[in-house]
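The values are calculated or read from the model by the stated rules, or taken from the named source; none is laboratory data. Nothing here was measured: the structure is a model prediction, and the numbers come from that model. All Cβ positions, even for glycine, are placed from backbone atoms using ideal geometry, and neighbour counts span all protein chains on display. Accessible surface areas use protein heavy atoms only, side chains included; no ligands, DNA or RNA. Shrake-Rupley method; radii C 1.70, N 1.55, O 1.52, S 1.80 Å.
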Amino acid sequence: MSLDTVVEDIREEAHARAEDIRSQGETRAEEIESAAREDADEIVADAEDEVEREIEQLREQRLSSAKLEAKQKRLEARRDVLTEVRASVEDELASLEGDTREELTRELLEAATVEFDDGDDVSVYGRDSDEELIESILEEYDDYEYAGEYDCLGGVVVESEASRLRVNNTFDSVLEDVWEDNLQEISNRLFEQ
């Protein structure tokens, strides 16, 4: 064989080998590129899912926050209405006159007297504008005396040093008891729950 033939065979073999290596490199490069594309697609999909989760979570938080704020505003409005109703009732109680005021004051005083022993010196306090009314009612009670003003809507505060007892039978205290006992019913009627 001639040297040229040997060189030609080596050259052809080298070209074939180079072609084979290039082909394997391209195949490997395509595999790497395909795997990288799949990884990139997976990363993008994961990122999109994460963003969707965060958006949903943020939406839920804002919705929950808005609901809570609305509930708080409703409760505030209800509290304001209840405060107005109570103030209106207090105004009506304070403005009671004549026989109605006398009858209520008499009943509250009578209810307090059962707490005291006969012979106790009993002091009775009341609203400044009710002094005359209370004094006229006290004429029927021995050992009971008007002792001065008590800041209230009406009614009486009765106390005795001897028995160390004080009974608050003011319109305010009665209203407070009735209000607390019936607040749920009042609220239900006002807001028809």
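Summary of values
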read-out	value
Residue in segment 89-102 that is without any contact (Cβ under 8 Å) to a residue 40 or more places away in the chain, on the phi < 0 side of the Ramachandran plot and in contact with a Gly (Cβ under 8 Å, 6 or more places away or on another chain) present	no
Long-range neighbours under 7 Å by Cβ, at least six apart or interchain, first residue open to solvent by less than 100 Å² (accessible area, probe 1.4 Å) within segment 57-83, second in a helix (DSSP H, G or I) and among the aromatic types (Phe, Trp, Tyr)	Arg78/Phe191
Any hit, segment 88-103, residues being within 20 Å of Val174 (Cα to Cα), of a type in the set (A, V, I, L, M) and touching a strand residue (DSSP E or B) at 6+ places or on another chain (Cβ under 8 Å)	no
Residue within segment 90-107 that is surrounded by fewer than 20 Cβ atoms within 10 Å (Cβ to Cβ), hydrophobic (A, V, I, L, M, F, W, C) and over 30 Å from Phe191 (Cβ atoms) present	no
Within segment 1-40, tally of residues that are among the polar types (S, T, N, Q) and surrounded by fewer than 10 Cβ atoms within 10 Å (Cβ to Cβ)	2
Subset of segment 161-193 [more than 21 Å from Ala94 (Cβ to Cβ) and touching a Lys or Arg at 6+ places or on another chain (Cβ under 8 Å)]	Ser187, Leu190, Phe191
So Arg189, is it open to solvent by 70 Å² or more (accessible area, probe 1.4 Å), in contact with a strand residue (DSSP E or B) (Cβ under 6 Å, 6 or more places away or on another chain), outside any loop (DSSP other than H, G, I, E, B) and over 16 Å from Ala87 (Cα atoms)	no
Selected residue (criterion: modelled with the highest pLDDT) from residues of segment 146-193 that are closer than 25 Å to Thr113 by Cα and basic (Lys, Arg)	Arg166
Looking only at segment 132-177, and only at residues there that are open to solvent by 70 Å² or more (accessible area, probe 1.4 Å) and touching a Phe, Trp or Tyr at 6+ places or on another chain (Cβ under 8 Å), the one that is nearest to Val85 (Cα to Cα)	Glu149
Residue pairs meeting the criteria (Cβ under 8 Å; at least 6 apart or on separate chains; first in contact (Cβ under 8 Å) with a residue 60 or more places away in the chain and of a type in the set (Phe, Trp, Tyr), in segment 33-46; second open to solvent by 100 Å² or more (accessible area, probe 1.4 Å) and assigned to a helix (DSSP H, G or I))	none
Positions within segment 143-174 being more than 18 Å from Asp130 (Cα to Cα) and either under 34 Å from the mean Cα position of the chain (by Cα) or touching a residue at least 12 places away in the same chain (Cβ under 8 Å) (or both), in sequence order	Asp143, Ser160, Glu161, Ala162, Ser163, Leu165
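For every residue, the table says whether it meets (1) closer than 30 Å to Leu133 by Cβ; (2) at pLDDT 85 or above.
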{"site": "Asp20", "(1), (2)": "no, no"}
{"site": "Gln57", "(1), (2)": "no, yes"}
{"site": "Lys71", "(1), (2)": "no, yes"}
{"site": "Ala87", "(1), (2)": "yes, yes"}
{"site": "Leu96", "(1), (2)": "yes, yes"}
{"site": "Arg101", "(1), (2)": "yes, yes"}
